[in-house]
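The structure appears right after this line, and notes come after that.
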Amino acid sequence: MKTQELVLYRNLKYQKLFEAMEGLLSGAEEAGETAYACANQLIELAVTYGFEGNLYHCFLAFCLANHENAYSTSCEILGPAEGSLFLLAQHDFEIFKKLYDYDIRILDGKAEDGIWSLIADYRAAKENSRVFNKRIRDRIVELAVSLERAQTTAEFQGDVTQFYKEFGVGKFGLNKAFRILEKDEQAYMEPITSIEHVYLKDLVGYEIQKKKLIDNTEAFVEGREANNVLLYGDAGTGKSSSIKAILNQYYDRGLRIIEVYKHQFKALSDVLEQVKDRNYKFIIYMDDLSFEESELEYKYLKAIIEGGLGKKPKNVLIYATSNRRHLIRESFGDKKQLSDDDIHANDTVQEKLSLVARFGVTIYYGAPEPKEFKTIVKALAERNGITMPEEELLLKANQWELSHGGLSGRTASQFITSLLSRS
């Protein structure tokens, strides 16, 4: 089988399906039940990833787009590879080109309008994907079509190389957000497939805060110097939503986000090793960050941000949110000591304050004033098509906030949701 002669593109994510399809199309394996099993898998993948058109070609395009190897990662970082690596990739692309040239409709035999004819021209009920955003889904489908039209191996290789250069490769190229999984003392990054589609324009108010965040992130994605950022302040004021919005705004320019919890700080060194040479900008995102006096995880974070022997990669920043300005709970006992213990007490206080000092940009999100709260309510009502008289709307909003957590953007949003649920 030709697939066994591949050099770079081995151990694909769906290797068994890849080999089974070649066996069927080359005649090395009889159809029968295997063909139905392959058809089932292609359809399931179409629903999962939002593919349409020739599902076999979409599958092959996905295999190429998702496989990290010496050639694909080099193209992502440096552009088209040259020398021996180019020739080795050319060998593999010759095999892929032959796989592309198969017409899956031959598996229908003499049957007219058989299942493989449907799979060769698949029309999805919806364009939605449970895994990719629409832009990436569309680009993979477009890649499948362009590879189908390629007349030569050189054209085929050129189309794939351009995809790597423009979109990247593997999980970092095809996803925008990740969480950390730890297994056997190793850190793995798992894609988060459902991200809230919130944008900065959706967040009413806080214009100064948003500008600070935009300016810092803009510098970061452009390769200029940028700072770690701490967003702190009252609950429900849009700190976490601002970071999600930043991801959605700059994703197209190579920004990715990795969500980390404080019990995973030991794994940060491993994470940084995995992302340091990739052609993306990564934000390590820590939501609701705070530490009790007995928790020592903050020491790992301090070393990672600044002060450890290892240098933090230039393509990584840390964005954190917290309801606390100083992150670590302090007690009067830290400051109120007697005689000879005074110097040690000062050391304790300075150690705790030094964590915040490692965030070059701190942005305060305060609870809105009553007038600002009304502005948020009116804006959200208009955005959601609520036509209630303004006086009645604001009266109900005031009644709602008194019993639902006070003045905040979150309270306003929850109030609007309650109105929509009754309409």
Item to check | Per-selection Rg to Rh, region 354-412 - Cα, Kirkwood hydrodynamic radius | outcome: 1.18
Next on the checklist: Given a 1.4 angstrom probe, what's the average accessible area per residue across region 353-399, in square angstrom?
Outcome noted: 59
Checklist entry - Hey, can you rank 86-99, 10-23, 227-240 by average C-beta count inside 10 Å, highest first? => result 227-240, 86-99, 10-23
Next on the checklist: Using all alpha carbons of region 125-263, what is the percent of pairwise distances in each 5 Å bin, ordered from the shortest bin to the longest?
Outcome noted: 2, 8, 14, 17, 17, 15, 12, 8, 4, 2, 1, 0, 0
Item to check | FRET efficiency, 1/(1 + (r/R0)^6) with R0 25 Å, evaluated for Val7 and Ala37 via beta carbons | outcome: 0.35
Item to check | Degrees between helix 153-167 axis and first principal axis of the chain (Cα, 0 to 90, nearest 10) | outcome: 10
Item to check | Portion, in percent, of the accessible area of region 203-292 that falls on carbon or sulfur, probe 1.4 Å | outcome: 44
Checklist entry - For helix 15-26, what angle does its Cα long axis make with the longest principal axis of the chain, in degrees from 0 to 90 and rounded to 10? => result 20
Checklist entry - For the chain, what relative contact order do you get, as a whole percent, if you take Cα pairs closer than 8 Å and at least 6 residues apart? => result 14
Checklist outcome for this item: In terms of the alpha carbon gyration tensor, root eigenvalues a ≥ b ≥ c, rounded if a/c is under 1.5 and otherwise prolate when a/b exceeds b/c or oblate, region 1-134 is oblate
Item to check | DSSP bridge orientation in the chain - percent antiparallel, rounded to nearest 5 | outcome: 25
Next on the checklist: Using a 7 Å offset from the Cα along the Cα-to-Cβ direction at both Asp121 and Ala357, what is the distance between the two label points in nm, to one decimal?
Outcome noted: 7.1
Next on the checklist: Compute the orientation-averaged projected area for the chain from the convex hull of its Cα atoms and round it to one decimal in nm².
Outcome noted: 27.7
Next on the checklist: With the crude spin-label approximation of a point 7 Å out along Cα→Cβ, what separation in nm comes out for Arg179 versus Glu382?
Outcome noted: 3.7
Checklist entry - Which percentage, to the nearest 5, of the DSSP beta bridges contained in region 156-259 is antiparallel? => result 65
Next on the checklist: If you take every residue apart from Lys16 with its C-beta less than 15 Å away from the C-beta of Lys16, what net charge results, scoring Lys and Arg +1 and Asp and Glu -1?
Outcome noted: -3
Checklist entry - Okay, helix-only estimate at 222 nm for the chain: each DSSP H run of n ≥ 4 adds -39500 (n - 2.57), divide by all residues, round to 500 deg cm²/dmol; what do you get? => result -16000 deg cm²/dmol
Item to check | Ranked order, Arg139, Arg256, Arg383 - accessible area, probe 1.4 Å, largest first | outcome: Arg383, Arg139, Arg256
Checklist outcome for this item: For Tyr261 and Glu94, extending 7 Å from Cα along the Cα-Cβ vector and measuring point to point gives, in nm, a value of 5.1
Checklist entry - Using a probe of 1.4 angstrom, how much of the accessible area of region 362-423 is carbon and sulfur, in percent? => result 51
Next on the checklist: Going Cα to Cα from Lys183, which lysines come in below 20 Å? Please leave out same-chain ones fewer than 8 positions away.
Outcome noted: Lys13, Lys171, Lys262, Lys266
Checklist entry - At a probe radius of 1.4 Å, what is the per-residue accessible area of Arg179, in Å² to the nearest 10? => result 90
Checklist outcome for this item: For Lys396, the lysines lying under 22 Å Cα to Cα, once residues fewer than eight places off in the same chain are dropped, come out as Lys371, Lys374, Lys378
Checklist entry - How many Å² of accessible area per residue for region 1-142, probe 1.4 Å? => result 51
Checklist entry - List the lysines whose alpha-carbon lies under 17 Å from that of Lys210, not counting same-chain residues fewer than 8 positions away? => result Lys201, Lys239, Lys244
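The values are calculated or read from the model by the stated rules, or taken from the named source; none is laboratory data. Note that the structure is a prediction, hence the values are computed from the model and not measured. All Cβ positions, even for glycine, are placed from backbone atoms using ideal geometry, and neighbour counts span all protein chains on display. Protein only, heavy atoms only, side chains kept; ligands, DNA and RNA dropped before computing areas. Shrake-Rupley method; radii C 1.70, N 1.55, O 1.52, S 1.80 Å.
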